1. Within the set of pairs 6+ apart or on separate chains, which have a first residue in region 98-115 that is closer than 13 Å to Leu130 by Cβ, a second that is open to solvent by 80 Å² or more (accessible area, probe 1.4 Å), and C-beta atoms under 8 Å apart?
2. If a residue must be farther than 13 Å from Leu83 by Cβ, touching a helix residue (DSSP H, G or I) at 6+ places or on another chain (Cβ under 9 Å) and not in a helix (DSSP H, G or I), how many such residues does region 98-121 contain?
3. Residue by residue through region 122-152, note down the ones that are part of a loop (DSSP other than H, G, I, E, B) and out of contact with any Asp or Glu (no Cβ under 8 Å at 6 or more places or on another chain).
4. For Val65, work out the one condition from (1) farther than 26 Å from Val140 by Cα; (2) surrounded by fewer than 16 Cβ atoms within 10 Å (Cβ to Cβ); (3) more than 17 Å from the chain's Cα centre (by Cα); (4) β-branched (Val, Ile, Thr) it doesn't fulfil.
5. Has region 84-96 got any residue that is within 30 Å of Pro8 (Cβ to Cβ), without any contact (Cβ under 8 Å) to a residue 40 or more places away in the chain and not in a strand (DSSP E or B)?
Amino acid sequence: MALVENKPGVLNRVVSLFRRRNFNIDSLTVGRTHKPHVSRMTIVVDANRTSARMIETNLLKLVNVIDVKVLSSEPHVSRDLALIKVKANDADSRNTLTTICERYPARIIDIGPEVAILEIVAQVQIIEDLIDELGSLGIVEMIRTGVVAMDAARASTTLNTNRSR
C-alpha cells in the first residue's frame, strides 16, 4: 500500500519503477482517500519478503510518494470485486447458478433470457473458487477491479512517518 500525492503523472512514475526493476504487477488499484490531495495505491506483486522490502525502499525514493506499507506481513483486510456474466439460458442453469451463489457472498444483479450477471466482493481466493464452480455453466465475460487492502482495525493505525507532508 502506498500513499501518494494526488497529482498527474504519479501513477506513471510508480509503474515505471516496477517496469525498471522487472517486477510484474498482479493487481493495481488507485483511488482518492478522505484527504483530497492524497491517493492510495494498493499494489499486489508476487514477491518474497526481501523483494517486498526492496520495493518499499524504492517507492519511498519517489518524490510524490508520502508513505509505503507492506501489508502481507501484518493483519489486514483485503477485497476484490468481480462482475461475472454466465450462461443461464434454461431452468437448470438458473437453478445451478442460484445454488452456487448461495454458497458464496455473490448475488445475481441482472438476468436476461440467455445470460446472467453476478457480483461478488470477497477475498481473492473466494472469488477464484467461485470462478472455478461457474466454469461448468460457461463464463461469457468477467471483469475484476483488483485488490484493495487496509491494515486491520486491531492493528496499529499509525503509518510510517518517513516523510512529513
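1. Here the result reads Cys101/Arg107, each pair linking region 98-115 to a residue that is open to solvent by 80 Å² or more (accessible area, probe 1.4 Å).
2. Residues that pass the stated criteria total 4.
3. Here is the first cut: in region 122-152, the residues part of a loop (DSSP other than H, G, I, E, B) are 123, 135-138, 145-147, 152.
Hits for region 122-152 are Gly135, Ser136, Leu137, Gly138.
4. Every condition holds for Val65 apart from (2).
5. No, region 84-96 has no match at all.
The values are calculated or read from the model by the stated rules, or taken from the named source; none is laboratory data. Source: prediction; values computed, not measured. Positions of Cβ are generated from backbone atoms using ideal geometry, with glycine treated the same way; all protein chains shown enter the neighbour counts. In case anyone asks, the SASA skips ligands and DNA or RNA and just uses the protein heavy atoms, side chains included. Shrake-Rupley method; radii C 1.70, N 1.55, O 1.52, S 1.80 Å.
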